[in-house]
Amino acid sequence: MTAHDTPVDPTTTAAWAALDAHEEELADGSLREWFAQDPDRGRTLSRQAADLLVDLSKNLIQPHTLELLLQLAQETRVLERRDAMFAGEHINTTEDRAVLHTALRRPQGSAPSLQVDGQDVDADVQEVLERITAFAQNVRSGEWTGATGKRIETVVNIGIGGSDLGPVMIYEALKPLRADGLEARFISNIDPTDAYTTTADLDPETTLVIVASKTFTTLETITNARLVRTWLLDGLRARGVEVDEREAVAKHFVAVSTALDKVEEFGIDPANAFGFWNWVGGRYSVGSAIGTVLAVVLGPEVFRELLSGFHAMDEHFRTAEPDQNVPLLMGLLNVWNVNFLGAETHAVLPYSQYLHRFPAYLQQLTMESNGKSVRWDGTPVTTDTGEVFWGEPGTNGQHAFYQLIHQGTRVIPADFIAFATPTHPLRDGKVDVHELFLANFFAQTKALAFGKTAEEVEAEGTTGALVAARTFSGDRPTTSIMAPALTPAVLGQLIALYEHITFVQGAVWGIDSFDQWGVELGKKLANELAPAVAGDEQAIAAEDSSTAGLIRYYREHRA
């Protein structure tokens with residue numbers, strides 16, 4: 001296939017019609033029945049991908065469901081499009097770009113080398129990675145110092161979207177691995193509260209700032225960078241330090257950008273700018289120079305282990321047989337849940353406090369990628385696309401929104417993620433707290449799958465109207481993902497798993513999962529509204545009555 005081929009309308013395929021009929025057949029069954037009929041169902045519907053065990057058995061499927069979904073993937077040419085992506089074809093059709101985040105993770109010396117659009121991709125990636133490694137080592141060793149000669153103690157990463165969510169999530173997940181005496185902080189929101197609270201207790205003499213913006217024009221990022229530059233220079237002066245602004249900025253600011261002229265204009269030495277490429281989308285970019293903050297604070301070795309985990313899942317997705325291919329199967333299951341079972345949301349529930357930002361990371365990955373209503377050739381989609389991803393770490397969620405998942409009226413597929421070995425093996429007397437934690441993990445998917453019948457409730461002595469309130473329908477679909485421990489490699493595998501799940505869904509639906517035009521309109525209008533917000537009455541009067549009224553309220557009540 002070529003990247004610009006007309007997408008196959010999935011609703012016209014034989015597989016789609018078969019899945020429609022199959023869904024009606026399955027409606028008469030239940031997970032209780034299916035597990036009773038096949039005592040080995042848990043093993044039959046489990047798969048291994050790198051270090052991840054993925055149990056699909058508590059989804060509302062039979063083995064034949066997977067066969068039909070794989071037929072749908074074949075008829076919509078999903079694997080051909082996968083191969084086109086790995087080969088560097090321009091599958092990002094609206095921007096006419098290759099999609100090569102997987103190239104960021106290829107080990108040095110991979111064969112054959114990857115040549116795309118006349119560019120030696122492997123050589124370029126390794127060159128930047130080596131520069132990042134050298135820079136990180138200089139900071140960690142104390143060779144790189146601030147303007148007054150003090151070691152760096154805090155790295156502040158300024159970015160937004162893909163330049164923020166990935167680094168934040170990974171830093172929080174792997175925080176126990178950070179170097180002693182070195183921490184990371186993150187600023188993304190243009191709300192000045194974010195910049196103020198992040199820097200309020202920092203020492204400007206020991207703070208290094210990474211400004212992450214490919215074009216160095218992102219409104220939120222550059223505004224925050226200017227705020228932090230002012231904070232730093234004012235802070236140095238308040239300590240009696242004689243400040244040469246450009247020298248101070250050059251010692252305390254580095255950039256992740258390809259716009260070297262704008263970097264230099266800001267005051268950052270272009271030699272301290274780390275670039276990446278237009279074939280790396282923001283939400284797929286954490287394995288690029290966007291991860292510089294991670295290499296500094298967690299260490300280059302940790303960063304490379306993270307990349308190795310990404311690559312392990314990339315290779316699984318690229319080479320595993322379809323019926324064993326976990327990203328392929330999970331992506332197709334999401335299509336099944338959305339288009340045949342009517343699911344509108346998808347919960348991701350990590351049983352690890354260190355993954356508390358993982359659902360937020362997936363929100364951008366999945367919803368910015370597949371929140372589309374046109375296909376890659378510009379024609380309207382023929383199905384529902386995308387779903388709302390959300391979640392919180394367990395067991396917090398159990399005491400908040402699990403009620404809706406267990407007994408609500410909506411189908412909410414959920415992915416449960418857990419690790420066999422805890423990061424902190426604590427005990428409460430004789431009780432292994434991690435085992436208590438995992439007992440909750442196992443219990444939730446069991447309860448969601450099998451529920452509790454009215455007869456079981458009555459057998460416990462409950463009578464009357466309370467019986468219905470204490471009955472659980474079961475048949476709430478879940479996927480369980482387990483790994484030995486939350487290591488950098490395992491985290492890389494998890495991230496890449498969801499990247500490829502997202503790809504599979506988009507390929508079935510025929511959409512371009514790698515652009516984000518929906519983000520642009522609001523940004524453009526915000527710039528156009530700036531004069532009105534600043535008080536230009538003529539500009540205010542030109543707005544619709546709602547917008548004008550809201551701006552006038554702001555003008556009248558601004559203290």
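Throughout, read-outs are computed from the coordinates displayed, never taken from laboratory work. Quick caveat, the model's predicted, so the values are computed rather than measured. FYI the Cβ positions are ideal-geometry reconstructions off the backbone, even for glycines, and counts take in every protein chain you see.
In table form, for the structure just shown:
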read-out	value
Between 0 and 90°, nearest 10: helix 488-509 axis offset from the chain longest Cα axis	70
Nitroxide proxy distance, nm - points 7 Å out along Cα→Cβ at Ser473 and Glu321	3.7
Between 0 and 90°, nearest 10: helix 63-75 axis offset from the chain longest Cα axis	50
Entry for semi-axes √(5λ) of the Cα gyration tensor in Å (calculated from the structure that is shown) out of (1) 46, 30, 22; (2) 42, 29, 18; (3) 42, 28, 27	(3)
Within segment 115-302, percent of DSSP bridges classed antiparallel, to nearest 5	15
Packing-based ranking, highest mean first, of 162-170, 550-558 given that Cβ atoms within 10 Å are counted	162-170, 550-558
Only Lys, Arg (+1) and Asp, Glu (-1) charged, at Cβ; the chain dipole about Cα centre in debye	1220
Charge dipole magnitude, Cβ of K and R +1, D and E -1 - segment 345-477, Cα centre, debye nearest 20	200
Sequence-distant residues sharing a close amide H with Val256 (under 5 Å, placed H)	Val211, Ala212, Ser213, Phe274
The chain: calculated mean residue ellipticity at 222 nm from DSSP helix runs of at least 4, using -39500 (n - 2.57)	-13500 deg cm²/dmol
Förster-model FRET efficiency, 25 Å R0, Asp5 and Gln48, C-beta, rounded to 0.05	0.15
Rounded if a/c under 1.5, otherwise prolate or oblate - segment 170-306, Cα gyration tensor axes	oblate
Dipole of the chain [Lys/Arg +1, Asp/Glu -1 at C-beta], most positive-end residue of Ala343, Gly397, Leu100	Gly397
Förster-model FRET efficiency, 22 Å R0, Arg427 and Gln353, C-beta, rounded to 0.05	0.80
Segment 191-298: GluC sites (Glu not before Pro) falling in loop per DSSP and having at most 11 other Cβ within 10 Å	Glu242
Rg/Rg_ref, segment 18-137, where Rg_ref = 2.2 N^0.38 Å and atoms are Cα	1.58
Mean Cβ count within 10 Å, highest first, over the residues of peptides 72-84, 117-129, 521-533	72-84, 117-129, 521-533
Cα-based Kirkwood hydrodynamic radius, segment 251-344, one decimal, Å	16.4
In degrees, nearest ten, helix 326-335 long axis to first principal axis of the chain (Cα)	70
C-alpha center-to-center spacing [segment 8-29, segment 430-446] in angstrom	37
Enclosed volume per residue, in Å³, of the convex hull spanned by Cα atoms of segment 487-549	156
Overall form of segment 409-559 per C-alpha gyration tensor (a/c, 1.5; a/b vs b/c)	prolate
Interchain or long-range residues, amide H under 5 Å from Thr479's placed H	Ala414, Asp415, Phe416
Positive-end extreme of charge dipole, the chain - chosen from Met85, Ala73, Ala36 (charges on Cβ)	Ala36
Neighbour-count ranking [beta-carbon atoms within 10 angstrom, fewest first] of His252, His22	His22, His252
